[in-house]
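The structure under discussion appears below in the form of structure tokens.
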Amino acid sequence: MKLVTFSVRGSEPRIGAALGPWDGWQGIVDLHAADPEIPPTMLEFIDRCGSLAGDTWDRARRIAREGETGRIPRSAVFPPQDVRLHAPIAPRLLRDFLAFRSHVIRTRIAMGSKIPEEWDRIPSYYNGNHYSLYGPEDAVPVPRYLVVDRGERREVATEKLDYEAEVGFVVGVGGRSIDADRAASHLFGVTVFNDFSARDVQLTAGKIGMGPGPAKDFANSLGPCIVTRDEFGPLREQRVTVRVNGTERLNGRYRELVFENPLLKEGERPVWSFDEMVAFVSRSQEVRAGEVWGSGTIPGGCELERGEDARYLSSGDRVEIAIEGIGVLRNLVAPG
């Protein structure tokens, strides 16, 4: 299923299923209105059927199938243009990984350094701000910061606002000490994740040694939907596209960008998989349903990798990240 969180004419946000193909929705069915036994929010739904099984799951699947054939009340189905989409989930926790070798190589080249050998030892991540959340078509403000310069405080705006094209993995089943060979059953589905970043502030914070901090905390965008794992399948042939103001900045298949990247040498690890992430994180702590884990930037999916050729975002810019099988996540950089 393609699951969304939506509202109509200012109503409370609620869970729905998008009908039709991933790149041409024909309607959105209100699952709770069609069947009051289905909970109204995404987190409640995942808590009930994060394993893609059980009575709630079966009810939702039946409604989605009937919606495709027009066999449910029209009052429960809305034209896509009549709804407002929100971030599909309000995560219980947001983790963001650095999973792609080629992305790390490119960013280190841009900063005049090399990929650290420790990258091969553990799948590194930081905990993001799951309250600074934006959805499709939302305007994301340019962040401003207080800095101390020569003993005086002053306010500055980032001059290097960047997008980051990522896969958002939605955890459906929690647990601890989960083996990698059974971690796939803990995945509920996937979404598009844009991890907005202030690169100049990130460089300053990185030198302190305490993580990205305010360079990442201000905006995380998710959407347009969550595609459940049974429908999406393995990450391999999906096309990934990034456009800024209609100009293409990335276009390639996941396989080409990740596994066939010319920066890779024979025998090198290209990526840390979701299964490996689950095994690593759950060994030391409890993983909970409703968490969202960013894959890290898909190679080529940000401006930082371009070094001196980077074209960072400005007020009024429109960013579109598309992953085949999920959809297009669009955001405007708020003017002024």
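The values are calculated or read from the model by the stated rules, or taken from the named source; none is laboratory data. What you see is a predicted model, and the numbers here were worked out from it, not measured in a lab. With ideal geometry, Cβ positions are generated from the backbone for all residues, glycine too; neighbour counts draw on all protein chains shown.
Please state which one of V319, V333 is surrounded by 20 or more Cβ atoms within 10 Å (Cβ to Cβ), more than 17 Å from the chain's Cα centre (by Cα), more than 23 Å from R108 (Cβ to Cβ) and at pLDDT 95 or above. Spell out how you get there, then give the answer.
Values: V319 fails: more than 17 Å from the chain's Cα centre (by Cα).
Of V319, V333, the one residue that is surrounded by 20 or more Cβ atoms within 10 Å (Cβ to Cβ), more than 17 Å from the chain's Cα centre (by Cα), more than 23 Å from R108 (Cβ to Cβ) and at pLDDT 95 or above is V333.
Any residue at all in segment 3-19 that's at positive phi and touching a residue at least 12 places away in the same chain (Cβ under 8 Å)? Working first, answer last.
Just the residues of segment 3-19 that are at positive phi, to begin with: 9-10.
Of the ones still in play, those that are also touching a residue at least 12 places away in the same chain (Cβ under 8 Å) are none.
Scanning segment 3-19 turns up no residue that is at positive phi and touching a residue at least 12 places away in the same chain (Cβ under 8 Å).
Starting from residues that are part of a loop (DSSP other than H, G, I, E, B) and among the polar types (S, T, N, Q), keep the ones in segment 47-94 and report whichever is nearest to S7 (Cα to Cα). Talk me through it step by step, then tell me what you get.
Going through segment 47-94, the residues part of a loop (DSSP other than H, G, I, E, B) turn out to be 50-54, 69-73, 79, 83, 87-93.
Now narrow it down to the ones that are among the polar types (S, T, N, Q): 51, 69.
Details: S51: 26, T69: 23 Å.
So the residue we want is T69.
I'd like the full set of residues that are surrounded by 13 or more Cβ atoms within 10 Å (Cβ to Cβ) and in contact with a Leu (Cβ under 9 Å, 6 or more places away or on another chain), limited to segment 140-160.
V140, V142, P143, V156, K160
Can you pull out the residues in segment 48-83 that are within 17 Å of I226 (Cβ to Cβ) and surrounded by fewer than 17 Cβ atoms within 10 Å (Cβ to Cβ)?
S51, A53, R61
If N129 passes every condition in (1) of a type outside the set (A, V, I, L, M, F, W, C); (2) in contact (Cβ under 8 Å) with a residue 60 or more places away in the chain; (3) touching a Ser or Thr at 6+ places or on another chain (Cβ under 7 Å) but one, which one does it miss?
That leaves (3) as the condition not met.
Just one of the numbered conditions (1) of a type in the set (V, I, T); (2) over 30 Å from R182 (Cβ atoms); (3) in contact (Cβ under 8 Å) with a residue 60 or more places away in the chain is not true of T247; which one?
Just one mismatch for T247, condition (3).
Going through segment 146-166 one residue at a time, which ones are more than 25 Å from the chain's Cα centre (by Cα) and among the charged types (D, E, K, R)?
Here is the first cut: in segment 146-166, the residues more than 25 Å from the chain's Cα centre (by Cα) are 146-156.
Within segment 146-166, D149, R150, E152, R153, R154, E155 meet the criteria.
Identify, by number, the condition in (1) more than 26 Å from G135 (Cβ to Cβ); (2) in contact (Cβ under 8 Å) with a residue 24 or more places away in the chain that K265 doesn't meet.
Only one criterion in (1) more than 26 Å from G135 (Cβ to Cβ); (2) in contact (Cβ under 8 Å) with a residue 24 or more places away in the chain is unmet by K265, namely (2).
Only one residue in A165, A198 is touching a Pro at 6+ places or on another chain (Cβ under 6 Å) and under 29 Å from E276 (Cα atoms), so which one is that? Break it down stepwise before answering.
Details: A165 fails: touching a Pro at 6+ places or on another chain (Cβ under 6 Å).
The conditions single out A198.
Select the strands (runs of 3 or more DSSP E) contained entirely in segment 184-275, then report the ones holding at least 3 residues which are under 19 Å from R106 (Cβ atoms) and in contact with a Leu (Cβ under 7 Å, 6 or more places away or on another chain). Even if it seems obvious, please write down each step before you answer.
Values: elements: 187-195, 220-228, 239-244, 247-253.
By residue number, 239-244.
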